[in-house]
Every structure is written in C-alpha cells, then in structure tokens.
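A short worksheet on the structure shown next.
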Amino acid sequence: MSADSSKPIGHQYALAMLDGGEERVRSLAQIAGSQITMDAFLRVRDEEPVPAFLHSALCAMSLPTKRPKDETQPILREDGKYALAINPRPVLQTVDGKPVLRSLGVPYGAYPRVALIYLLSQAVTKRSRDVYLGRNFTEWMRRLGYQTVSYGPRGTANRMREQVDRLLACEWQIRWDGSEAGDNAFAVRDVKISNEYSGSLEKNGAFAREIRMSEGFYSHLIEHAVPLNEVAIRELKGTPTALDLYTYLAYRLPRIAADRGQTISWDQLARHLGNDADSKRFRQTVRETMQLVSAVYPNANVDMSGRKVVLYPSPAPLERKLVGPHLRLLGAPAPKEAPRSSVTAKVKTDAGAKETLLDFPSGSLNFGTREAAFRKIGLDKGHPWSVDQMADAFRAGFPGISRQRNETEWLRVWDAFVVSYAKRRAATETE
C-alpha cells in the first residue's frame, strides 16, 4: 500500500499503521514526516481516549492567538448566521489597599484555550455548575505535560491564572440570524460563563478559584458540548492555532452528512480561527499546523491542497480505531465485518455462533464470578490503588461506557485504562 503524499501526515501514518504497524510509521516519518508528528501520533494511538469538552460556539469561533493591540476592545467572530462577541468588562480589584475598577483585557494565547477546556470538561463530566481550580487543576496541568508548574511572576501557573481571570471577567454575547418566523428574524443571548467566583493565593503562590457557572451558560453548554480527546490536547497545548484547528474540525467534521463534503474559502477559515495574517501566510501556517493536528486526529478528512478547503465526513476525535471511510478510499481494504465500535446488538463469530454483548460490571469488582477477571487486572496492574476506585473512574471517564461489548473487548479496554490510571497516580504521588 502506498501513502498518498497529498494528504496530511496523520492520514499517511494511519495508512502505514494499517499496512505495516509501528515500524512502517517510523520509516514513513523519516521520509515524509517529522519526529514531532510521529511521536504525537504514536502517543495518542497508545493511550485510551480521555473525554474532554468545549462549547460548540468556542470550537467554531476562536479567541485571539496573541495579545491584541487594544486589549480592552471586544472580540468579534462570525460563523455563517452566527456571531459571537466577547466583551471584557471592568472588574473591582484592590490595588495598594484601595478599590480600583479596571478592565483586565481579553483572553488570548494557548492558556485560556486550555483553561476553557478544563472548566467546561469538569462541568460536563460532573454535571455540576461548580468548578474548583485548586490542586486538581495543577494536577491536570501536569497531566497535560506542564511538567514544571511554576509560581513566579512569569510562571506557568500565574500566566494561567491571569488568563482565567480574563475569561471570567468577560461577557459573552451570541447572535443567530434567521428562524422559522422569517429570514429577517434574529435573536441575541447574553451569556456569562460565571456570575460569581472567588479566589485565593496559596502558600506556595499557587492560585485557587471557585467558580459557579451561570445557569444560562451551563444549560447551553450541556446541550452544545463538543467531545474532544484530552490526550490530543496534551500534544497541542502550546500552539493556539493547533488547538483552534483541532477543536474546529472536531466540531464540524462529524456533522457533515454529504459524501462530497463541504467547501469553504480560506478567508472563511481565517475568520473561524480569528487569524489576521495575510492570506498567503495564513495558508502556509494552517497547512503546516494541520500536519500536527492530523497526527493526533488521523481520522480527520480534510483537503487543504487547493484554493478552497474541503471538509469531509469524519468520525469524532474520541473514536480511537482508524475506521474513517477516507482511509479505505485511500487504499486500506474495507473490513469484512463492521468495526466493533459500531456494533450494538449481537455479532456472529466465524463458527456462526452468537456472542453475547455485555455492559461493564456495575457493582463492586471485589465480588462475583464475572468480576474476577476484571479484579485480577486491577490488582496486578493497578497496585496499590483501589480496584473499585479505578472502576468508578472508568465508569465516569471512559467515553464508550454505555456501549455493550463482548467480554474480551471489555477486558482489553479495562486493562489499558488501569495501566494508564496507575501511571498517572504514581506520577502525581512522586511530585
């Protein structure tokens, strides 16, 4: 099977993996890829997806990638009939012992994007408006690869704190045009991420924030949360454009129904990504960025080689298997049977017998005959952590927990989760 050099490198790696495994990927990286993209592809492939979430409006319309010339001016973005305004409002602060009302400015760069994903992911997964940024947030930063979470004036934690404060001080306004009432109809909704939040500086300089999302924003988020893969966010965390392109594709591609895809102009894509660079420079930047994005989202089927950008139907980022139809179109043989992830009832074995699909065990893994195999994996590979504690984390965080599988598949994904869980906990305990 030969790789299609016109496709992003992630597509080529995916085909190489289907054709010859990891060694084929490494050989291809020496010719057409890079160490960075190859490492990102293999790391994301080797880990179970960890669900994260972002509001669809923030996937489609991005924050500034760098500090604006005038930080006090609102951010304006558009996406077809939708428009978004993010307005930095003055906040009351204490300076030299006196109350001062001042604007913190608009959020920009990679940090607020990473913070937003954390905030919204916590709200969605816990089904709660209350989010706490304390030790858990520091642990999450380390999990994402901020190995040194420093607390000096220019440390990573304080730079993150500054951007979080900017986010929370902003008012968000969303407008959509057109409705069943007529083409001239429109609606405007004022949304504030948080109506109330408090914070403190801890002894080591670390910051803590207690945030209660506004009811309006939280309700809208639950309805319009776009699933992402935290493992991919880790690889992109330092590059705002890569984060924007990844989240935009995660939002758009799974929603495209037409096989021929959707075509957008480069100018439209620039407006989505909030990029003010000239057209030629923007195209070059995005094409280069797409190489890394495709490495962590290899199922994303996008053609950026021409004068227009063509978006094709693609699986969501949490789909781990390389099952996108474009991979088969590029030369991979079509599977003889539907992939396991698409099976919802019964599957036939080669012998013609029916294999029962099951839910993940719902109770304690410390008791029961069926639970014994799961318990053994937990004890062998998750020591010294509690088996039931790991099972609760698996039920809460595994994206495919509601889908039935055969016992072999459940044991495989449980094994991978336990190994990853134990590794993360051990790293946390030693820091």
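Which of the GluC sites (Glu not before Pro) across segment 41-137 are loop residues per DSSP, with 15 or fewer other Cβ within 10 Å?
Passing both the DSSP loop test and the Cβ count: E71.
At 7 Å along Cα-to-Cβ for each site, give me the label-to-label distance between A426 and E78 in nm.
Between A426 and E78, the label points sit 5.5 nm apart.
Compute the Cα gyration tensor for segment 1-86, then decide on rounded, prolate or oblate, letting a ≥ b ≥ c be the square roots of its eigenvalues: rounded whenever a/c is under 1.5, prolate when a/b is larger than b/c in the other cases, and oblate in all that remain.
Note, shape of segment 1-86 comes out prolate.
Show me the trypsin sites (Lys or Arg not before Pro) within segment 215-303 that DSSP assigns to loop and that have at most 15 other Cβ atoms within 10 Å of their Cβ.
Taking segment 215-303 and a limit of 15 other Cβ atoms within 10 Å, the loop trypsin sites (Lys or Arg not before Pro) found are R260.
What is segment 1-146's relative contact order, in percent, from Cα pairs under 8 angstrom and six or more apart in sequence?
17 percent
Filter the cross-link list K69/K308; K7/K280; K66/K423 down to pairs whose alpha-carbon distance in this structure exceeds 26 Å.
Over 26 Å apart, Cα to Cα: K69/K308; K66/K423.
Quick check on segment 1-145: take the gyration tensor over C-alpha atoms, sort the square-rooted eigenvalues as a ≥ b ≥ c, and tell me if it's rounded (a/c under 1.5), prolate or oblate.
Since a/c reaches 1.5 and a/b is larger than b/c, the shape of segment 1-145 is classed as prolate.
Read the figures in this text as sums done on the coordinates, not as results from a lab. Just so it is clear, the model here is predicted, and its values are computed rather than measured. We place every Cβ from the backbone using ideal geometry, glycine too, and count neighbours over all the protein chains shown.
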